[in-house]
Amino acid sequence: MFDGTPPPGSGPLRLAIVSTYDEMCGIAGYTRALEQQLRPHADVTVFDLDQYWLRSPHARVQRLADRHIKEIAGRLRDFDSVNIQLEYGTLGRTPGQIMRRLRRLVTAAPAVSVTFHTILGHDRLDWPAIGRSLMKGRIGRALEIALVFRRNKGLAARTYGLLRSCQRIKPVHVIVHNRRDARLLHDVYAMRNVDHHPLSFVAADQAERIRSVATRGDFPVLNALPADAKLIGSFGFLSPYKGFETALRALQYLPDDHHLLIFGGIHPQTIKREQALDPYIQTLFDESHIGRTVFDTIAGNASVHLDAASKELFARHPRDMHHRVHFMGVHDDENFMRAMALCDVVVLPYLEVGQSSSGPIAMALNMGCRVLASRTLAFLQFARYHPGQIDFFDIGNYAELAGLISAGVPAPNGTRHLSYNTETNTALYLKANQPRLSRWSSKRVEAVT
């Protein structure tokens with residue numbers, strides 16, 4: 001654990017972090033948290049990756065994006081070390097763009113650590129999915145699966161090769177979010193200096209401060225609920241892999257005083273022009289029967305004739321849960337954590353999609369919440385750092401989830417002790433970014449750039 005002693009050298013560590021920053025996304029949120037953790041021990045400067053330039057499909061804007069990366073790279077020599085928060089898509093739209101920009105940043109840094117938020121290249125080609133698509137005549141879908149596999153495998157190989165070659169001539173550290181990924185990069189891809197640590201957002205004293213001031217009045221929707229309402233919180237951008245349908249199905253088997261709060265919204269990069277309603281939001285409406293009537297259910301199955309009074313009686317579906325399901329919208333990091341502090345339980349019913357980590361589960365644990373999570377590989381890996389702190393249910397098993405919620409175990413709040421926390425995270429980043437340039441001549445470093 002970090003003891004508060006600055007790393008060796010003259011003066012504080014001069015550290016640059018290259019990441020998305022002024023964005024409503026998980027990587028940006030983690031970078032903001034990491035910056036606060038490191039500031040007492042290092043001189044930190046964050047270089048914000050401009051997503052308008054880097055993600056634009058227009059050739060002229062892409063030239064501006066390359067210039068943007070070149071300008072950042074030109075300033076990196078002024079630092080002792082550089083940390084890159086790597087999510088491939090934040091650097092560009094194509095493998096060529098991503099690798100060109102990553103190479104420029106890595107080679108410009110006198111010493112570098114790369115934090116991987118996604119590990120590519122280790123999955124096998126999904127032949128069963130290709131076969132199912134071909135049997136259904138979806139040739140385009142089958143081709144897409146094969147092309148994405150080839151793209152990811154090639155991008156991973158080029159990235160790992162770049163870092164291995166740079167490790168021969170200057171300090172290069174790799175940081176991942178779980179032991180499984182660390183072993184993969186070390187044993188399979190022959191990377192050296194690989195460290196692992198779970199995501200950690202807020203210290204125990206900060207969590208206590210947030211809990212002490214959080215009230216339902218911070219959120220008008222909650223302020224309108226009965227004082228004895230049981231609050232079930234689910235967090236994250238609205239996307240099919242988040243599995244919020246499982247929470248909605250579980251809600252149907254819970255007493256009426258239980259309310260589901262969905263904190264999040266459609267990711268900005270998935271917003272489509274002139275789309276009246278996102279398909280996943282429609283899926284959630286269908287699951288909770290919001291906006292549906294009895295006639296929607298029986299349409300096409302029977303011929304029904306009702307008088308005006310009966311039509312009004314049956315206008316709303318009897319299982320319509322609009323009064324128990326609340327879409328809370330997108331909030332900044334502090335409000336996300338305030339909301340978690342107010343919830344009786346945080347439910348994360350995600351599907352397995354090969355993710356390495358999850359910001360919401362780390363935040364919820366840091367905030368002392370009672371956490372119920374689906375048994376995904378990422379959540380299971382996360383739980384190895386925090387044994388006994390998370391209750392699991394099988395992916396999609398809403399009956400099991402309803403039973404766990406009904407158990408009503410109180411949240412640990414300030415009584416929870418995490419062995420892996422913001423202090424150990426700070427210690428890791430300081431260790432991974434200590435410049436050790438005495439082993440390499442300036443001329444050799446210059447040659448790489």
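Computed from the coordinates by the stated procedures, all read-outs in this text should not be read as laboratory data. This is a predicted model, so every value here is computed, not measured. Glycine gets a Cβ as well: all are built from the backbone with ideal geometry, and neighbour counts include every protein chain shown.
Can you compute the charge dipole magnitude of the chain about its Cα centre, using +1 on each Lys and Arg Cβ and -1 on each Asp and Glu Cβ, nothing else charged? Give it in debye, rounded to the nearest 20. Write down the numbers at each step before the final one.
Details: 54 positive and 43 negative charges, 515 e Å.
The dipole magnitude comes to about 2480 debye.
Work out from phi, with θ = phi - 60° and the Karplus expression 6.51 cos²θ - 1.76 cosθ + 1.60, the ³J(HN,Hα) of each residue of region 116-126, listed in order in whole Hz, and give x for Gly and Pro.
For region 116-126, the Karplus-derived couplings read 8, 9, 9, 9, 9, x, 9, 6, 8, 4, 7 Hz, x marking Gly and Pro.
From Cα pairs below 8 angstrom and at least 6 apart in sequence, can you work out the relative contact order of the chain, rounded to a whole percent?
Values: 722 pairs, mean separation 80.1, N = 449.
Once normalised by length, the contact order is 18 percent.
May I ask what percent, to the nearest 5, of DSSP beta bridges between residues of region 204-415 are antiparallel? Walk me through the numbers on the way to the answer.
Numbers: 1 of 20 bridges.
Percentage antiparallel, nearest 5: 5.
Which of these, 37, 167, 282, has the largest mean-square fluctuation under a Gaussian network model of the chain (Cα springs below 10 Å)?
Maximum among the listed residues: 282.
Any chance you could list P(r) for region 78-123, counting all Cα-Cα pairs in 10 angstrom bins from zero, rounded to whole %?
Result, from short to long distances: 26, 52, 20, 2 percent.
Once the Cβ-Cβ distance between residue 334 and residue 415 is put in as r, and R0 is 25 Å, what FRET efficiency do you end up with, to the nearest 0.05? Each step should come with its number before you reach the end.
Working: r = 23 Å, r/R0 = 0.91.
FRET efficiency, residue 334 to residue 415: 0.65.
Counting C-alpha atoms alone, how compact is the chain: give Rg to one decimal and Dmax as a whole number, in angstrom.
Values for the chain (Cα only, Rg and Dmax): 24.4, 90 Å.
Using modelled amide H (1.01 Å from N, peptide plane; none on Pro or chain starts), what sits under 5 Å from the amide H of residue 330, excluding residues fewer than 5 places away?
264
Please sort 123-136, 419-432 by packing, taking for each peptide the average over its residues of neighbouring beta carbons within 10 angstrom, highest first. Don't jump to the answer; show the numbers that get you there.
On the way: 123-136: 12.3, 419-432: 19.5.
Taking the mean over residues of other Cβ atoms within 10 Å, the ranking is 419-432, 123-136.
Sequence-distant or interchain residues sharing an amide H contact under 5 Å with residue 230, placed H: which?
258, 259
Identify which of 146, 247, 42 has the largest mean-square fluctuation in a Gaussian network model of the chain, with springs joining Cα atoms closer than 10 Å.
Comparing 146, 247, 42 in the GNM, the peak value goes to 146.
Dipole size in debye (nearest 20) for region 94-135 around its Cα centre, Lys and Arg Cβ +1, Asp and Glu Cβ -1?
Values: 6 positive and 2 negative charges, 47 e Å.
For region 94-135, the charge dipole is close to 220 debye.
What is the spin-label model distance, in nm, from residue 143 to residue 32 if the labels are put 7 Å beyond Cα along the C-beta direction?
Result: 4.2 nm between the two label points.
Helix 59-75 against the longest principal axis of the chain: what's the angle in degrees, Cα atoms only, rounded to the nearest 10?
It is inclined by approximately 50 degrees.
Return a whole-number percent for the relative contact order of region 93-194, with Cα pairs under 8 Å and 6 or more residues apart as the contact set.
Details: 86 pairs, mean separation 35.1, N = 102.
About 34 percent, as a whole number.
What are the aspartates and glutamates whose alpha-carbon lies under 18 Å from the alpha-carbon of residue 70, with same-chain residues fewer than 8 places away excluded?
48, 50, 78, 446
Could you name the aspartates and glutamates whose alpha carbon sits less than 20 Å from that of residue 136, not counting residues in the same chain fewer than 8 places away?
126, 144
Dipole of the chain (Lys/Arg Cβ +1, Asp/Glu Cβ -1, origin at the Cα centre): which of 377, 419, 109 lies farthest to the positive side?
109
Beyond 30 Å, what share of the Cα-Cα pairs of region 204-415 remains, rounded to the nearest whole percent? Please list the in-between numbers first.
Numbers: 5752 of 22366 pairs.
Value for region 204-415: 26 percent of Cα pairs lie more than 30 Å apart.
When the Karplus curve 6.51 cos²θ - 1.76 cosθ + 1.60 is applied with θ = phi - 60°, which whole-Hz ³J(HN,Hα) does each residue of region 164-172 get, with x for Gly and Pro?
After applying 6.51 cos²θ - 1.76 cosθ + 1.60, I find 4, 5, 6, 5, 6, 10, 7, x, 9 Hz.
Looking at the chain as a GNM with Cα springs under 10 Å, which of 143, 105, 222 has the largest mean-square fluctuation?
143
Among 214, 354, 259, whose Cα projects farthest towards the positive end of the dipole of region 204-415, with charges put on the beta-carbon of Lys, Arg (+1) and Asp, Glu (-1)?
354
Divide by every residue of the chain the summed helix terms, -39500 (n - 2.57) for each DSSP H run of at least 4, and state the resulting mean residue ellipticity at 222 nm, rounded to the nearest 500 deg cm²/dmol.
Theoretical 222 nm ellipticity from helices: -12000 deg cm²/dmol.
Can you give the FRET efficiency for residue 151 and residue 270, using 1/(1 + (r/R0)^6), R0 = 22 Å, r = Cβ-Cβ distance, to the nearest 0.05?
Computed FRET efficiency for residue 151 and residue 270: 0.70.
For residue 208 and residue 193 in the same chain, what is the full-extension length gain: residue separation times 0.36 nm, less their Cα-Cα distance, in nm?
On the way: separation 15, 0.36 × 15 = 5.40 nm, distance 3.50 nm.
Working it through step by step, the gained length comes to 1.9 nm.
Express as a percent, rounded to the nearest 5, the fraction of DSSP beta bridges in the chain (both residues included) that run antiparallel. Each step should come with its number before you reach the end.
Details: 1 of 43 bridges.
Of all bridge pairs located within the chain, approximately 0 percent are antiparallel.
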